Amino acid sequence: MINMGEEELLKTLSESVVACDRDAVVKAAQQAIEKGLDPVKAIEKGLSKGAITVGEKFDRLEIFLTDLMMAADAMKAGLDILLPLISEEKVLKKGTVVSGTVKGDIHDIGKNILSALFSANGFEVHDLGVDVSTSKFIEEAEKVRADIIALSALMSSTIGGQKDVIDYLSETGKREKFIVMVGGGPTTREWTEEIGADGYAETAMEAVKVALELIEKKRS
Amino acid sequence: MVVFLDAVEKALTGKPCSERDYDLKIFSTKLREVVKEYDIKYDPENLVSSDNSLADDIFKAAFDFYCEVGTYCKDTERIIKFDENEIKDRLRNSPSRIVFGEGVDAGTMVPRKPEDRTPPWRFVGAGGVAVSSEDVFMGLVENYAKIPIANSITTPTLTRVNGIRIRPYSPLEILGAIRTVALGREAIRRAGRPGLPIMNSIATADSAIALVAGLHPEYGLRPTDGYMVATLAELKTNFDLLNRACALMSLGLPTAAIFGPIFGGYCGGPEGTAVVTVAYHLMGALVYQAGWFLAFPIHIKHIASSMPELLWVASVYAQAISRNTHLLALYYDYTAAGPCTKMSLYEMAAQYTAAITSGVSMETGGIAKGRREDYLTPVEPRFAAEVAYAAAGMKREDANEIVKNLASKYVDKIADPPIGMKYQECCDTKTGKPSRKCLNIYNGVRKELKDLGLDLSRNEREY
């Protein structure tokens with residue numbers, strides 16, 4: 001049974017993430033260490049709980065993108081303090097994602113939301129930005145041993161870039177190494193099937209759920 | 001007066017800033033401040049507002065906001081800013097009328113005011129939504145041009161050249177851009193209205209190089225067609241977009257700034273989205289030297305603009321612009337539902353009634369969220385143009401009741417809308433004639449609108 005001090009700290013961690021208060025998260029994470037709180041518990045029952053609330057609020061548009069980005073920042077600041085204290089860091093991590101907008105596409109808001117929600121939900125995210133070349137996605141995924149490559153495209157003229165990454169992976173014998181997810185304005189379930197992607201979602205929150213399911217399926 | 005080169009110089013010498021700081025510390029912070037300072041509040045009971053002071057406050061808030069935050073240039077990572085006098089001067093000198101089209105098909109776009117009886121500019125067609133083949137492209141554009149009430153055409157976007165999917169910045173994009181122009185002009189000629197202007201030139205060209213390639217007069221575009229330069233969310237640009245503006249301005253072509261502020265994104269809620277929509281008009285006038293303006297505020301999650309909050313945004317931004325400037329402003333809609341559904345017609349009727357009675361003109365837009373290839377027919381643009389025509393002159397109070405009634409018919413279905421049918425499923429692909437089912441839906445909703453007080457048959461007597 002946890003004592004009140006711990007309970008309050010966990011609540012503070014969670015609420016500070018929801019309040020997008022980076023300084024408060026850092027302070028609470030440091031206090032958690034000083035008081036000897038289990039860092040696994042601090043993350044799972046503090047930071048992550050707050051992150052889940054943030055994701056749900058964003059999904060209902062009770063908060064907006066600016067809040068989401070700041071909450072993800074706050075979450076990351078807390079993780080930076082607590083994760084180094086955990087020897088089996090991988091146990092906590094839901095997965096590693098390499099994300100970006102495909103070659104020729106310079107739109108980033110959808111991808112930013114996705115990256116923020118993945119981060120907030122305990123994924124390690126390597127966001128490559130916009131107009132990312134096919135080989136860059138793959139090089140980075142190999143370098144960080146990614147579970148998922150997440151490809152965003154906003155334009156009907158740029159979704160071909162999603163197919164290019166999948167084709168490149170297939171033709172270089174690397175397709176089975178990664179889960180490939182696609183999303184963005186013109187992508188549909190039919191397109192996902194046509195190009196042989198593993199997952200697709202209409203919204204970023206849905207993408208997190210799909211990612212968790214795909215990772216679980218792959219690991220099992 | 002600010003000229004194009006001034007904006008380019010400012011992009012090179014403006015205050016350096018990371019994009020993240022611009023988004024989170026400058027844009028979002030200042031936006032919250034002006035919304036609070038001017039006490040701007042969304043009113044779900046008045047989706048079409050009759051409050052002139054609210055419209056004027058939104059304009060003032062947007063003016064202060066844009067003076068402070070300017071436009072972010074992603075390539076130079078600097079902020080392009082203008083002072084109060086530069087903005088006022090540019091607004092004063094912006095065109096108040098532009099002639100589009102040739103011969104008997106020519107028309108003049110003029111500014112409007114709230115409740116104005118002046119018919120809105122009716123820019124009709126696909127709104128740049130993608131099609132799978134040149135045959136579908138031709139069939140649609142020919143039938144858009146046959147809509148009697150259309151005074152300009154918005155073509156679809158080609159996604160393939162000889163069956164190969166287009167890639168941006170590739171030769172395929174250049175070929176696609178050229179074909180879009182040549183096919184569009186030919187389809188309009190086949191409809192018997194050769195002078196009708198194409199005003200989303202060139203839909204298939206995302207990059208400046210493809211745009212410039214398609215501009216060669218050999219392919220059929222004219223100085224009396226309309227041209228567009230996009231912006232990046234929110235209030236951002238880059239060199240490729242400035243290159244487009246530069247090429248078009250150098251040829252003296254009538255250029256629109258087009259912008260889709262995102263409700264739920266950095267704009268926040270409806271109040272911030274309304275302010276940012278107005279600010280984009282200032283950006284377009286100053287950074288791109290645009291002469292006409294196309295706004296499509298859009299929902300971050302549902303990729304549509306028919307929900308109540310966005311109907312309010314359409315109404316109040318349009319009133320802010322039309323009451324305080326003479327800018328040539330148009331509204332573009334996104335529906336959640338697809339073609340050949342009652343819901344898509346309700347969504348269009350609500351949006352255009354709100355925007356037109358608030359003082360702007362219209363382009364028909366992204367049906368089925370604009371995301372599905374070939375989910376287009378000539379019926380929805382015709383219907384939308386008829387609504388726009390009929391709504392001109394209506395009192396905002398009356399429009400509000402109609403809009404609220406229409407929204408109540410579909411609001412619960414926005415999260416899971418009917419996707420409707422493709423052009424090939426709805427229409428005879430040889431003649432473009434809509435199916436009986438499609439026409440029954442169209443006629444049924446027209447009758448419902450008449451019962452609500454919006455009589456589309458008025459159009460048949462007057463145009």
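A short reminder: the numbers here are calculations on the coordinates, not readings from a lab. Computed from a predicted structure; not experimentally measured. Positions of Cβ are generated from backbone atoms using ideal geometry, with glycine treated the same way; all protein chains shown enter the neighbour counts.
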Length-normalised contact order of region A:15-155 in % [C-alpha pairs under 8 Å, at least 6 apart]: 26
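About the Cα centre of region A:4-85, how large is the charge dipole given +1 on each Lys and Arg Cβ and -1 on each Asp and Glu Cβ? Please answer in debye to the nearest 20.
Numbers: 10 positive and 15 negative charges, 16 e Å.
About 80 debye.
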Within chain B, helix-based [θ] at 222 nm, where runs of 4 or more DSSP H residues each add -39,500 (n - 2.57), nearest 500: -14000 deg cm²/dmol
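Quantify how strongly other chains surround peptide A:154-165 by giving the mean number of their Cβ atoms within 10 Å of each of its Cβ atoms. Spell out each step's value before the answer.
Values: counts 2, 7, 17, 19, 6, 6, 9, 3, 0, 2, 2, 0.
The shielding value for this peptide is 6.
Taking only complete DSSP H runs, can you tell me which helices of chain B stretch 20 Å or more along their own long axis by Cα positions and average at least 0.5 on the Kyte-Doolittle scale? Display every interim value, and only then the final one.
On the way: long enough: B:52-69 (25 Å, 0.29); B:171-190 (28 Å, 0.32); B:270-287 (25 Å, 1.11); B:308-324 (24 Å, 0.32); B:342-357 (22 Å, 0.22); B:396-410 (21 Å, -1.05); B:436-452 (24 Å, -0.81).
For chain B, where a helix must reach 20 Å along its axis and average at least 0.5, the hits are B:270-287.
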Cβ-based net charge around B:Asp333, under 12 Å, with every Lys or Arg adding one and every Asp or Glu removing one: -2
Gaussian network model of chain A, springs between alpha carbon atoms under 10 Å - residue of A:Ala120, A:Ala32, A:Ala71 with greatest fluctuation: A:Ala32
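Please give the charge dipole size of chain B, origin at the Cα centre, charges +1 on K and R Cβ atoms and -1 on D and E Cβ atoms. Round to the nearest 20 debye.
Numbers: 54 positive and 56 negative charges, 214 e Å.
Approximately 1020 debye in magnitude.
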Exposure proxy ranking, count of Cβ atoms within 10 Å, fewest first, for A:Leu169, A:Leu214: A:Leu214, A:Leu169
Inter-chain Cβ neighbour average for residues A:182-188, partner chain, 10 Å: 3
Residue-count net charge about B:Leu242 - beta-carbon cut-off 14 Å; Lys, Arg +1, Asp, Glu -1: +1
Folded to 0 to 90 degrees: helix A:22-34 orientation relative to chain A principal axis, Cα: 60
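Per-residue counts of other Cβ atoms within 10 Å, averaged by peptide: what ranking do you get for B:266-277, B:320-331, highest first? Please report the intermediate quantities before stating the final value.
Values: B:266-277: 27.9, B:320-331: 23.5.
Taking the mean over residues of other Cβ atoms within 10 Å, the ranking is B:266-277, B:320-331.
What is the sum of charges, Lys and Arg at +1 and Asp and Glu at -1, for the other residues whose Cβ falls under 13 Å from the Cβ of B:Lys413? List each step's numbers first, then the result.
On the way: positive: B:Lys342, B:Lys409; negative: B:Glu347, B:Asp412, B:Asp416.
It works out to a net charge of -1.
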Region B:316-338 versus region A:148-174: alpha-carbon centroid distance in Å: 36
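Suppose a student asked you for the relative contact order of chain B, using Cα pairs under 8 Å spaced at least 6 residues apart; what percent would you report?
Once normalised by length, the contact order is 20 percent.
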For region B:130-164 versus region A:9-45, the gap between their alpha-carbon centres in whole angstrom: 56
Dipole-positive endmost among B:Met362, B:Gly184, B:Ala205 within chain B (Cβ charges, Cα centre): B:Gly184
Residues A:Trp191, B:Trp312 arranged by fewest to most Cβ contacts within 10 Å: A:Trp191, B:Trp312
Charge-dipole axis of the protein assembly as shown as Lys and Arg at +1 and Asp and Glu at -1 on Cβ define it, positive-most pick from B:Ser322, A:Val182, B:Ile153: B:Ile153
Most fluctuating residue given options A:Ile179, A:Ile63, A:Ile159, as computed from a GNM of chain A linking Cα atoms under 10 Å: A:Ile63
Packing-based ranking, highest mean first, of B:10-22, B:148-160, B:390-402, B:170-182 given that Cβ atoms within 10 Å are counted: B:148-160, B:170-182, B:390-402, B:10-22
Whole-Å distance, taken between Cα centres, linking region B:384-463 and region B:23-69: 31
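Taking other Cβ within 10 Å of each residue's Cβ, how do B:His299, A:His126, B:His216, B:His281 sort, fewest first? Don't skip to the end; give the middle numbers.
Values: B:His299 23, A:His126 18, B:His216 11, B:His281 26.
Ascending number of Cβ neighbours within 10 Å: B:His216, A:His126, B:His299, B:His281.
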Most mobile listed residue (A:Ser119, A:Ser133, A:Ser152) in chain A, GNM with C-alpha springs under 10 Å: A:Ser133
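My understanding is that a pair violates if its Cα-Cα distance is over 22 Å; which of A:Lys27/A:Lys49; A:Lys217/B:Lys413; B:Lys342/B:Lys447 do that in this structure?
On the way: A:Lys27/A:Lys49 17 Å; A:Lys217/B:Lys413 32 Å; B:Lys342/B:Lys447 12 Å.
Among A:Lys27/A:Lys49; A:Lys217/B:Lys413; B:Lys342/B:Lys447, the Cα-Cα distance tops 22 Å for A:Lys217/B:Lys413.
Magnitude of the Cβ-charge dipole of the protein assembly as shown, K/R +1 and D/E -1, about the Cα centre, nearest 20 debye? All intermediate terms of the calculation are to be shown ahead of the outcome.
Numbers: 81 positive and 94 negative charges, 312 e Å.
Charge dipole, the protein assembly as shown, about its Cα centre: 1500 debye, nearest 20.
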Peptide A:199-205 - average C-beta neighbours from other chains (10 Å radius): 2
